């Protein structure tokens, strides 16, 4: 099994590992999602406390919705345990080794009937800033996503362009947003790529998807009556990254420290919060 998905990842820039977490585990994770969603709704607007961030937006039909929570693992024991679960190490270690930091820890929601919850086609490399903090990026970083709900085209599943990891970093317009941008075939055509070659991932709850930093991907709208929840954890070879929190040191899991480390929030030490964010 390991050989099959590792080979698929290297050839296509993504892979799926089925059945990593069982139904009881997924039910527990889903419950934590629900608690954090209600916490975000109670805030009523986007809110930051150090690296933890609730992205709350207004939807024309639904009112306030939570789109994303960054670094909930600082204060949620279940999500903290899952991010450094030995099964996650078993997925990423064959690709990037046993000494790993984590630079992504996010919950994503696509609530039913929300007006704009799409992600336009993009590469994760565009968010790895400042660039001099990340070395040998293409070979050092793996993003993972745990499906909490059935993950289908109809409820906004992730769509990838196989083989795009070999294109290197594509010169997208730096001002172009990714979140809340339509998943549009024209973006691929502009790059000389055939939209017919895209693959929409089909995942069952408990499956884990993984993809590379240069793999083109995005996700569409949720047109169903169920949510599309996705637990993202991104790992990087520790010696090739100056930022992030340790996940494993030589396969030993590392709990999060009492004092957060610098990851992406540049003002962590000058303006740590807690505070509302406009």
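Derivation of every value follows stated rules applied to the coordinates shown; laboratory data play no part. Model, not experiment: these values are computed from the prediction. Glycine gets a Cβ as well: all are built from the backbone with ideal geometry, and neighbour counts include every protein chain shown.
Please state the relative contact order of the stretch 2-255 as a whole percent: Cα pairs under 8 Å, 6+ residues apart?
Numbers: 555 pairs, mean separation 81.1, N = 254.
Here the relative contact order equals 32 percent.
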**Study point:** Choice from 169, 225, 182 with maximal GNM fluctuation in the chain (Cα, 10 Å cutoff)
**Key:** 225
Exercise for review: Return the distance in nm (one decimal) between the two label points of a simple spin-label model at residue 43 and residue 275, each offset 7 Å from Cα along Cα→Cβ.
Suggested key: 1.4 nm
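Quick one: which of 120-130, 103-113 comes out on top by average Cβ neighbours within 10 Å, and what's the full order, highest first? List each step's numbers first, then the result.
Values: 120-130: 18.1, 103-113: 21.4.
Listed from highest to lowest mean packing, they are 103-113, 120-130.
To the nearest 0.05, what FRET efficiency results for residue 115 and residue 258 with a Förster distance of 45 Å applied to their C-beta separation? Display every interim value, and only then the final one.
Numbers: r = 40 Å, r/R0 = 0.89.
Rounded to the nearest 0.05, the efficiency is 0.70.
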Study note, to complete from the structure: Taking 160-166, 44-50 and ranking on average Cβ neighbours within 10 Å, highest first, one gets 160-166, 44-50
Exercise for review: Note down the nm distance, to one decimal, between modelled labels 7 Å out along Cα→Cβ at residue 267 and at residue 61.
Suggested key: 3.5 nm
Review point. Using the per-residue mean of other Cβ atoms lying within 10 Å as a proxy for protection, in what order, highest first, do the peptides 249-258, 202-211 fall?
Key: 202-211, 249-258
**Study point:** MRE, 222 nm, helices only [DSSP H, n ≥ 4, -39500 (n - 2.57), over the chain, to nearest 500]
**Key:** -6500 deg cm²/dmol
Review point. Modelled label-to-label distance, residue 138 and residue 250, 7 Å Cα→beta-carbon offset: nm?
Key: 3.2 nm
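Within 10 Å of each residue's Cβ, count the other Cβ atoms and sort 226, 237 from fewest upward.
Working: 226 14, 237 22.
Taking fewest neighbouring Cβ atoms as first place, the list is 226, 237.
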Review point. By count of other Cβ within 10 Å, fewest leading, how are 81, 4, 229 ordered?
Key: 4, 81, 229
**Study point:** the stretch 190-237-the stretch 84-106 distance, computed between alpha-carbon centres (Å)
**Key:** 19 Å
Check your understanding: How big is the gap, in Å, between the Cα center of the stretch 1-70 and the Cα center of the stretch 239-278?
Key -> 18 Å
Practice item. Classify the stretch 2-255 as rounded, prolate or oblate from the Cα gyration tensor: take a ≥ b ≥ c as the square roots of its eigenvalues, call it rounded if a/c is under 1.5, otherwise prolate when a/b beats b/c and oblate if not. Key: rounded
Review point. Based on the Cβ-Cβ distance from residue 78 to residue 226, what FRET efficiency comes out when R0 is 25 Å, to the nearest 0.05?
Key: 0.70
